[in-house]
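J.: Below you will find the structure I want to go over with you.
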Amino acid sequence: MRDDLTIRRVVARELEWTMPDLAPDRTGLNHAYRPGARSTNTGYVVTVETAGGVTGEYSWSQGGKGVSTAQIAMVARYLIGRNALHRERIWNDVKRALRKQDRFGLGPLDIALWDIAGKSLGAPVHELLGTYRTALPAYASTHFGDEHGGLDSPAAFADFAVRCRELGYPGFKIHGWGGGPIAREVEAVLATRAAVGPAMDLMIDPACEYETFADALKVGRACDEAGYFWYEDPYRDGGVSSFAHRKLRQLIRTPLLLGEHVRGLEAHVDQILAEGTDFVRADPDYDGGITGVMKIAHAAEGLGLDVEIHAAGPAQRHCMAAIRNTNYYELALVGPKLDPKSSHYHAYADGYADDLTSVDAEGRVHVPEGPGLGVTLNWEWIRSSETGVAVYE
């Protein structure tokens, strides 16, 4: 055992900042464009410190948020005195300890341990996983539709898709209007395809907004007509009913993408075997960190399916870099009227970003090459935004 990699302290920090020109939509639960508005968001940073001075760091502003930090509090002291490289043992023990919860707390801890591993060996995480590629094709994933001059019509989605295509993006995904008329969703599907032509891959993610089977079917048939790449999480079931999605798959041709709302390896495999999805969703924040995502990716690979990584971030990039059976990096969330730099998490001090202009001319993002996650945290901004801190030692 390397005594210098013995874990001696875990620190979890809560942050708060404002996002300009974003406000809750008509549901009160989704953020959408509204000029002049200011919305509060929260983020978190977890650090895992070792006796030899190597510290694993991970920041996130989505996922389980406060749920994750509450669960970190439940298991953090278990880590004290353990070898930070013993990730598989730690992963399985924490997974069991959080069996009565959704296990959101496992993800950030596991990612921080991978950061330690990379830093201790002087290698980026994707090399420890086994690099397959370092340039990742990206799709532009929109904010929800609004009523205030941003993505406020099918034509606005179509125009923004054209703009993204001109920036180099090979794919574009619609998040429609929460609680809006289903005819407008159908029109957005068709108008966007008509605007960009046949070459751009298009997707739609209702985020479980559609209220009836009929609504889901209408949009699905529009996706068939327009040749969409995938159709994601349509039902109000929350994206977990394999029966419902198998039934929808029997009636439309467009592949479904499910898995964002089931947790962990076993639930994903069950959903696949129950024929509830075509593409498989996985997320390091949601599904037990980098370790959990790679387990899901390899299970999907064994069944001949592709796994699509949810959301954007350094951990997502490293995972995708080491997975053959995957297609797109989700550059989220973007809109035509938002300042690309102002609405995002400012946790990085080295230029790392996930905004509309982060892609190269071929619509790709690149994987950080520094040790560990390969990003440098902006501790000045983090401390100025800190609203709470918990120390476990």
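The values are calculated or read from the model by the stated rules, or taken from the named source; none is laboratory data. Small disclaimer: the values here were computed from a predicted structure and weren't measured. All Cβ positions, even for glycine, are placed from backbone atoms using ideal geometry, and neighbour counts span all protein chains on display. What goes into the accessible areas is simple: the full protein's heavy atoms, side chains included, and nothing from ligands, DNA or RNA. Shrake-Rupley method; radii C 1.70, N 1.55, O 1.52, S 1.80 Å.
J.: Roughly how many percent of the accessible protein surface of the stretch 2-73 is carbon and sulfur, given a 1.4 Å probe and a whole-percent answer?
T.: 45
J.: Between Ala70, Ala188, Ala158, where does the largest GNM mean-square fluctuation fall for the chain, given springs only between Cα atoms within less than 10 Å?
T.: Highest fluctuation among the options: Ala70.
J.: To continue, here is another question. Kirkwood hydrodynamic radius for the stretch 311-393: how many Å is it when counted over pairs of different Cα atoms?
T.: Value: 14.6 Å, from the Cα pair sum.
J.: Could you put Leu217, Leu85 in order of accessible surface area, largest first, with the 1.4 Å probe and the full protein assembly present?
T.: Final ranking, largest accessible area leading: Leu85, Leu217.
J.: Here is a follow-up. Can you pull the percent of the stretch 102-141's accessible area that's carbon plus sulfur, 1.4 Å probe, other chains left in place?
T.: Accessible surface attributable to carbon and sulfur in the stretch 102-141 totals 49 percent.
J.: Take the chain, connect every pair of alpha-carbon atoms lying under 10 Å apart with a spring to form a Gaussian network, then pick out the residue of Gly335, Gly150, Gly130 with the largest mean-square fluctuation.
T.: Ranking Gly335, Gly150, Gly130 by mean-square fluctuation puts Gly130 first.
J.: Tally up the carbon and sulfur contribution to the accessible surface of the stretch 309-393 as a whole percent, 1.4 Å probe, everything protein left in place.
T.: Whole-percent figure for carbon plus sulfur exposure: 49.
J.: For the stretch 18-100, give the magnitude of the charge dipole about the Cα centre (Cβ charges: +1 Lys/Arg, -1 Asp/Glu; no others), in debye to the nearest 20.
T.: It comes to approximately 400 debye.
J.: Can you tell me the relative contact order of the chain? Whole percent, Cα pairs under 8 Å, sequence separation 6 or more.
T.: Result for the chain is 21 percent.
J.: Add +1 for every Lys or Arg and -1 for every Asp or Glu among the other residues with Cβ under 15 Å from the Cβ of Leu303, and state the total.
T.: -4
J.: Restricting things to alpha carbons, tell me how big the stretch 109-263 is in terms of Rg and Dmax, in Å.
T.: Spelled out, the Cα radius of gyration and Dmax of the stretch 109-263 are 18.1, 55 Å.
J.: While we're here: How would Arg249, Arg383 line up by accessible area, probe 1.4 Å, largest first?
T.: Ranked list, largest accessible area first: Arg383, Arg249.
J.: Just to make sure I understand: if all protein chains stay in place, what is the order of Thr254, Thr55 by accessible area at 1.4 Å, largest first?
T.: Final ranking, largest accessible area leading: Thr55, Thr254.
J.: For the stretch 1-105, what does the accessible surface come to per residue with a 1.4 Å probe? Please give it in Å².
T.: For the stretch 1-105, the per-residue accessible area is 46 Å².
J.: Using the crude model of +1 on Lys and Arg Cβ and -1 on Asp and Glu Cβ, and no other charge, please compute the dipole size for the chain relative to its Cα centre, in debye to 20.
T.: For the chain, the charge dipole is close to 800 debye.
J.: Residues of the stretch 340-391: accessible area per residue at 1.4 Å, in Å²?
T.: 48
J.: Which residue fluctuates the most in the chain, going by a Gaussian network model with Cα springs under 10 Å, if the choices are Gly168, Gly239, Gly36?
T.: Its mean-square fluctuation being the largest, the pick is Gly36.
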